[in-house]
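Comments concern the structure below.
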Amino acid sequence: MSKRRRLALCASIFVVILVAAVLLSAQTPANSPTDPRAFLNTYCITCHNEKLHTAGLALDTLDLSKPGANAEILERVIGKLRAGSMPPPGMPRANAATYRAVANTLENEVDRAWAANPNPGRIGAVQRLNRAEYNNAIRDLFALDLDVKPLLPGDDTADGSFDNFADTLSVSTAHLERYMSVARQVTRLAAGLPPAKPSIETFEIPLHVLQDDRQSEDLPIGSRGGMAIHYDFPVDGEYLIKVRLQRQYQDYLKGMGWPQQLDIRLDGKLLKRFTVGGGGKGRPAAASYAGDGEPGFAGDPEWETYMQLTGDAGVEVRIPVQAGSRVVGVSFVRELWEPEGLPQPVQLGRVISNDQVYMGYANVGSVQVGGPYQAQGPAKDTPSRRAIFVCQPPANAKSSAQERDCAATILSRMARLAYRRPSTKADVNTLLEFFDTGRKDGGSFDNGIQFALERMLVDPDFLLRVYRDPPKTTGSYRLSDLELASRLSFFLWSSIPDDRLLTLAERGELANPQNLEKEVRRMLADSRATEALVNNFAAQWLNLRQVEDVVVDPAKYPLYDESLLQAFQQETEMFVASTLREDRNVADLLNADYTFVNERLARHYGIPGVYGSRFRRITLPNHEQRGGLLAQGALLVTTSYPDRTSPVLRGKWLLNNIFGLPIPPPPPGVNTTLESKPGAVPASIRERLAQHRTNSSCNSCHSVIDPLGFSLENFDVIGGWRSIDESGKPVDASGTTTSGTKVEGLTGLRALLLDQPEQFPRTVTEKLMAYALGRRIEYYDMPAVRRIVRDAAAKQYRWSSLILGIAESPAFLMRAPHVAAN
């Protein structure tokens, strides 16, 4: 071919390519694939259109130029894009980058509209103190470390969320009755008045708690079993401490085949040492048959009497005790041995609770504290009395006026703290009337103060947080400084404001941004913040309150016991607390290389070199198997069934609580059981779920849930690492998300979560903000959540940056006006 012909051919090809490019550009939408309208038209309106209206959405007519007016719908779309759950499996899908780009664009548009006119939302006008808040308020008012939560009715939770949501905290007649009863008990104890009559309080140890090691830091080294009780002795007097040993279900004492030493202590001082066990006379019952009543297996009558009645008789002391908070300790002297001869099969009953373990350890079943007997009048000097009696009338007071002046000083100060505002003359006069009533008929000054404080604790201004709209309000308004002080203290401390916070609010200086930040940091540095955020926020967010209710099949998991469950809970509580105290990046909750264990938990996790019952911080030897919340027993055991793991429960929990993507419950009438047919070879859980997903109504959610749940399949029901599943097949901990991302085990799940650095902090912020506001997070709160997370990025998403962002947000500082129903 000649050079001229080659040049002509190249020119022709160039023209064809150019024409094709022009034609192609004419056929391509002006907007790129990441343009929200182009994306919706391509992937969404096939189902979500004006005609079909699937899921109540018509995206073909949605006006994207008005993001503020359509924010609720757009937030639903953003949620689906972030989850990658739409379009459903089998439909054309964009790549992950496109999903993120479209979601970001929509978020930016909604956020700009919100910034021009923020909607802070509106909490209910009345919010009752929940049990934890009431308990902490009593602690801070009276310097009284007393657990009154069991004495109050339980608090409902909102959709399994938090028990401080205003719209779920109703007030019933049961609440009113218990408030009056508890108020009397608390104030008499705080004022140091003797009870009307001696009482006995019983502290029990659950049957499935192992007592083979030291149980508490308050018990001596070299002890085992028992319990340490922090008990408030109301007045000086004589008290009874009585120990009952543990019995199995047929009421036979356990571990009584040999003598063991049991100590009773008060504040660490030995009161008396007893010898229990080894006193049974005659022939014992056959091993594991005690109490069964089987003919020929029962022991001699003397032995039976000892095992049922007299074995722990007389294990008690009666001693004088001074008023105040003290530690009652009961424990055994620890004795260790190594059996001689050839190892023999262990002979036990059917379950641990049905066996007398005759030659094993005896255990403490309960401790009773009774009294006071021969009370010696009111307590003279306790922390509670110092908190209340800031003055005393002269001993030779000649008029009631001097007493009333002192009483007014005391009651005005206490009412200010309890009501979380300056006390008024009417407040004090009401309380003084009750003081006078308590003083009548020979009652002392202390009796009058106690009765007035009892009245204070049943006042609605103490029990309720009330938000009042300013007159003639037409738009959102700022909370008053006093309302802000209460909101802040109940957020961070689950308790009432202290004097410093209240003083700032009374001066109208708390809402000042510099003062607000300073107070938030001061409150976070207080140990009450860590305690409240762990026990009340994290415990509900992470389902830690459900650990004690877990049931595990002992036939499949014979090494399970309640001590292990307690260790699970303590590990997670200490772990979360450490991230709060050290103000770490919240992502460390997922990726930390350390945890807290004792010997029992370390042995369960396969971690060597840890001995004793004391929890200590350790660096994890294998980060691929342990590290972060996702590998902790507390979260794994609460998302399993008693006899098998559940990728569905775990996957749904991950989506709701870690990814922040709510998953609806299964449709009505859908069979959710995955049990194998009787007599059939059991299929693996993966095979059963694959069958389950053949149902189209199940597939749309399970295609999102299951891959995440599968990633934790290397953990068994009680959080142990495994390579073989319940069906005897090798564990397959892999999964593929709807976006096509491959997830391989714990490390793959971590990588998926940490791939987008803002994703998990956004979830934490949503949960924490709902807890702080006392209401559900709504669509109009999402721009505030995103702003908090964006601002926190520069501070490595530390806890303090998220908490400060919430405290400074319009939703926390303001309240929307009441809108009358149509």
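The values are calculated or read from the model by the stated rules, or taken from the named source; none is laboratory data. Every value quoted in this text rests on a predicted model; they were computed, and no experiment measured them. Note that we place each Cβ from the backbone using ideal geometry, even for glycine, and neighbour counts take in every protein chain shown. Remember, those area values only see protein heavy atoms, side chains included, never the ligands or the DNA or RNA. Shrake-Rupley method; radii C 1.70, N 1.55, O 1.52, S 1.80 Å.
Here region 408-553 was treated as a single set of alpha-carbon atoms; its pair distances binned every 5 Å from 0 give 2, 9, 14, 14, 15, 14, 12, 9, 6, 4, 2, 1, 0 percent. Surface listing: Glu109, Glu454, Glu50 arranged by accessible area from highest to lowest gives Glu50, Glu109, Glu454, probe 1.4 Å. Average accessible surface for region 549-613: 42 Å² per residue, computed with a 1.4 Å probe over protein heavy atoms with every protein chain in place. What is the extension gain from Lys51 to Val466, computed as 0.36 nm multiplied by their sequence separation minus the C-alpha to C-alpha distance, in nm to one decimal? Extending this stretch completely gives an extra 144.8 nm.
For region 366-467, a Kirkwood hydrodynamic radius built from all Cα pairs, placed in the Stokes-Einstein relation at 4 °C and 1.567 mPa s, yields a translational diffusion coefficient of 87 µm²/s. Taking every DSSP helix (H) stretch of at least 4 residues in the chain, weighting each as -39,500 (n - 2.57) and dividing the sum by the residue count yields a mean residue ellipticity at 222 nm of -12000 deg cm²/dmol. Please find the FRET efficiency linking Glu624 to Ala793, where r is the Cβ-Cβ separation and R0 is fixed at 30 Å, and quote it to the nearest 0.05. That pair, Glu624 with Ala793, gives E of 0.60. In this label model, Ser527 and Gln344 are separated by 4.9 nm, measuring between points 7 Å along each Cα→Cβ vector.
What fraction, in whole percent, of alpha-carbon pairs in the chain exceed 50 Å separation? Across the chain, Cα pairs with separations above 50 Å total 31 percent. Rolled with a 1.4 Å probe across the full set of protein chains, the surface gives Arg521 an accessible area near 100 Å². Hey, which of these cross-link pairs are over 22 Å Cα-Cα: Lys472/Lys518; Lys518/Lys795; Lys425/Lys472? Those over the limit are Lys472/Lys518; Lys425/Lys472. What whole-number distance in Å separates the alpha-carbon centres of region 76-108 and region 744-822? Cα centroid of region 76-108 versus Cα centroid of region 744-822: 20 Å apart.
Note on surface exposure: Lys425, Lys440 rank Lys425, Lys440 by accessible area, highest first, 1.4 Å probe. Atom-type composition of the exposed protein surface of region 760-822 places 51 percent of the accessible area on carbon and sulfur (1.4 angstrom probe). Between Arg178 and Gln402, the simple label model (points 7 Å from Cα in the Cβ direction) yields a spacing of 4.4 nm. Cross-link reach is defined here as a Cα-Cα straight distance under 12 Å, omitting same-chain residues fewer than 8 places apart; for Lys272 the aspartates and glutamates meeting it are Asp263, Glu316. Past the 21 angstrom mark, what percentage of all C-alpha to C-alpha distances in region 136-205 do you count? The calculated P(r) of region 136-205 puts 40 percent of pairs beyond 21 Å.
Can you compute the label reach from Ala115? Point 7 Å from Cα along the Cβ direction, backbone N cut-off under 15 Å, restricted to region 763-801. Inside the label zone: 783-792. Modelled spin-label separation between Trp258 and Ile200, with each label point placed 7 Å from Cα along the Cα-to-Cβ direction: 3.3 nm. Which shape class, rounded, prolate or oblate, goes with region 553-656 when its Cα gyration tensor gives a ≥ b ≥ c as root eigenvalues, a/c under 1.5 marks rounded, and past that a/b bigger than b/c marks prolate? Here region 553-656 falls in the oblate category. Here Phe297 and Gln376 are evaluated by their C-beta separation; at R0 = 51 Å the FRET efficiency comes out at 0.45. Screening the chain for DSSP H helices whose Cα atoms reach 24 Å or more along their own axis and whose mean Kyte hydropathy is at least 1.0 gives 3-27.
With an 8 Å cut-off on Cα pairs and a minimum separation of 6 or more residues, tell me the relative contact order of the chain in percent. About 14 percent, as a whole number. For an R0 of 45 angstrom, estimate the FRET efficiency from the Cβ-Cβ distance between Glu517 and Ile221 and round to the nearest 0.05. The calculated FRET efficiency here is 0.50. Partner aspartates and glutamates whose Cα lies under 20 Å from the Cα of Lys66, excluding those fewer than 8 positions away in the same chain, are identified as Asp35, Glu50, Glu75, Glu107, Glu109, Asp111, Glu778, Asp781. Accessible surface comparison of Val328, Val466, probe 1.4 Å, protein chains only, largest first: the order is Val466, Val328.
Per-residue surface analysis assigns Arg416 an accessible area of about 40 Å², computed on protein heavy atoms at 1.4 Å probe radius.
Ligands, DNA and RNA excluded, the heavy atoms of Arg100 present near 90 Å² of accessible surface to a 1.4 Å solvent probe.
The smallest convex shape that holds all Cα atoms of region 198-244, its convex hull, gives 105 Å³ per residue.
Multiplying the residue separation of Cys391 and Asn108 by 0.36 nm and subtracting their alpha-carbon distance yields 95.9 nm. Evaluated with a Cβ-only charge set (Lys, Arg +1; Asp, Glu -1), region 177-284 carries a dipole of roughly 480 debye about its Cα centre, given to the nearest 20. Over all other residues within a Cβ to Cβ distance under 15 Å of Ser739, the charged ones net out to +3, with Lys and Arg as +1 and Asp and Glu as -1. Projecting the Cα atoms of Leu768, Val789, Leu754 onto the charge dipole of region 754-795, computed from C-beta unit charges around the Cα centre, puts Leu768 farthest toward the positive end.
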